Amino acid sequence: MPAKETNLDIYGLLVKPVREALDGLGFAEPTFPQVKAIPHILKGENVLLIAPTGSGKTEAVLLPIFSNFMQQEDKHGISILYITPLRALNRDMVKRLSYWAGKLSITIEVRHGDTEIRIRRRQALRPPNMLVTTPETLQAILPGERMQEHLSYVRYVVVDEVHELAEDKRGVQLTVALERLLELTKQEYQRVGLSATVGNPQKVAQFIAGAERKIEIIEVPL
């Protein structure tokens, strides 16, 4: 879904390494979700992006987050937390993230219930810049002393397929985990939600941001 009409060079807002990596993928023109979302996320705003599958919505949130991360002076600990239902941790997602990790020299790792003990130990000793995990696993790692230290550096939280989490017990679990995470960071982190479909955008936005935080709802039609 290419952008319909825009005079703004959206990709030009991103840092040079991200733009060069986009060239490597052959992305010459931003999609409409990217045009709508990237400026808001670059400014650090909380965002709920609702856009069709295959419209580039994952890159719409990751590109500006990667761009901002690369400009950080402090890159200790885990800066980016990507939370998703387990079924979304598929080969395509891992492959896409591996590309960005290689091009931007960002360490990205997955953590879930089946992660090998040796990998868990490595993450505890040398945390990745970005951790992809599930609500259940986030709850499980929060009590660990070393992981608490690493998670205290989180600045960006992305919740993928948020519609699957917002109205069941996994959503409650995630809400509790995000508040516990805030106790560790001791400062607000950016919250971004992704979904292909949402019945009640306002309710889902409140689920992501909490009752008293502002959040921009961006809906891209089919």
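The values are calculated or read from the model by the stated rules, or taken from the named source; none is laboratory data. Since the model is a prediction, treat every value here as computed from it, not as a measurement. No Cβ is skipped: glycine too gets one built from the backbone with ideal geometry, and neighbour counts run over all protein chains shown. Protein only, heavy atoms only, side chains kept; ligands, DNA and RNA dropped before computing areas. Shrake-Rupley method; radii C 1.70, N 1.55, O 1.52, S 1.80 Å.
For the structure I just gave you, tell me whether Thr53 is under 24 Å from Ala205 (Cβ atoms) and among the polar types (S, T, N, Q).
Numbers: under 24 Å from Ala205 (Cβ atoms): yes; among the polar types (S, T, N, Q): yes.
Against the criterion (under 24 Å from Ala205 (Cβ atoms) and among the polar types (S, T, N, Q)), Thr53 qualifies.
Does Ala124 fit the bill of being open to solvent by 70 Å² or more (accessible area, probe 1.4 Å), touching a Gly at 6+ places or on another chain (Cβ under 8 Å) and either farther than 27 Å from Lys186 by Cβ or among the aliphatic types (A, V, I, L, M) (or both)?
Working: open to solvent by 70 Å² or more (accessible area, probe 1.4 Å): no; touching a Gly at 6+ places or on another chain (Cβ under 8 Å): yes; either farther than 27 Å from Lys186 by Cβ or among the aliphatic types (A, V, I, L, M) (or both): yes.
Considered against the rule, which asks whether it is open to solvent by 70 Å² or more (accessible area, probe 1.4 Å), touching a Gly at 6+ places or on another chain (Cβ under 8 Å) and either farther than 27 Å from Lys186 by Cβ or among the aliphatic types (A, V, I, L, M) (or both), Ala124 comes out as no.
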Which residues, taken from segment 138-192, are among the aliphatic types (A, V, I, L, M) and under 24 Å from Ile117 (Cβ atoms)?
Leu138, Ala140, Ile141, Leu142, Met147, Leu151, Val154, Ala177, Leu181, Leu184
Can you tell me how many residues in segment 13-32 are more than 19 Å from Ala101 (Cβ to Cβ) and modelled with pLDDT of 95 or more?
1
Among the aromatic types (Phe, Trp, Tyr) and touching a Leu at 6+ places or on another chain (Cβ under 9 Å): is that true of Phe32 in this structure?
no
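Right, Ser152: under 15 Å from Ala177 (Cβ atoms), of a type in the set (Ser, Thr, Tyr) and open to solvent by 10 Å² or more (accessible area, probe 1.4 Å) or not? Quick ask: steps written out before the conclusion?
Working: under 15 Å from Ala177 (Cβ atoms): yes; of a type in the set (Ser, Thr, Tyr): yes; open to solvent by 10 Å² or more (accessible area, probe 1.4 Å): yes.
Yes, satisfied.
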Collect the residues in segment 195-219 that are over 8 Å from Ile50 (Cβ atoms) and among the hydrophobic types (A, V, I, L, M, F, W, C), keeping them in residue-number order.
Val204, Ala205, Phe207, Ile208, Ala209, Ala211, Ile215
Mind checking whether some residue in segment 147-167 is in a helix (DSSP H, G or I), under 29 Å from Lys43 (Cβ atoms) and aliphatic (A, V, I, L, M)?
yes
Residue that is of a type in the set (Ser, Thr, Tyr), modelled with pLDDT of 95 or more and in contact with a strand residue (DSSP E or B) (Cβ under 7 Å, 6 or more places away or on another chain), where the choices are Ser79, Ser67
Ser79
When the residues of segment 110-121 are filtered to those that are of a type outside the set (A, V, I, L, M, F, W, C) and part of a helix (DSSP H, G or I), which remaining residue is least open to solvent (accessible area, probe 1.4 Å)?
Arg120
In contact with a strand residue (DSSP E or B) (Cβ under 7 Å, 6 or more places away or on another chain), crowded, with 20+ Cβ neighbours inside 10 Å and touching a residue at least 12 places away in the same chain (Cβ under 8 Å), is that true of Ala51?
no
Can you name the residue in segment 190-222 that is free of Cβ contacts under 8 Å to residues at least 40 places away in the same chain and not in a helix (DSSP H, G or I) and is also least open to solvent (accessible area, probe 1.4 Å) among such residues?
Gly210
Filtering segment 115-136 down to residues that are closer than 26 Å to Asp74 by Cα and of a type in the set (Val, Ile, Thr), which residue is farthest from the chain's Cα centre (by Cα)?
Ile119
Those residues of segment 168-179 that are open to solvent by 20 Å² or more (accessible area, probe 1.4 Å) and touching a residue at least 40 places away in the same chain (Cβ under 8 Å) come to a total of 1
Between Thr58, Thr107, Thr134, which is of a type in the set (Ser, Thr, Tyr), open to solvent by 30 Å² or more (accessible area, probe 1.4 Å), in contact (Cβ under 8 Å) with a residue 12 or more places away in the chain and in contact with a strand residue (DSSP E or B) (Cβ under 9 Å, 6 or more places away or on another chain)?
Thr107
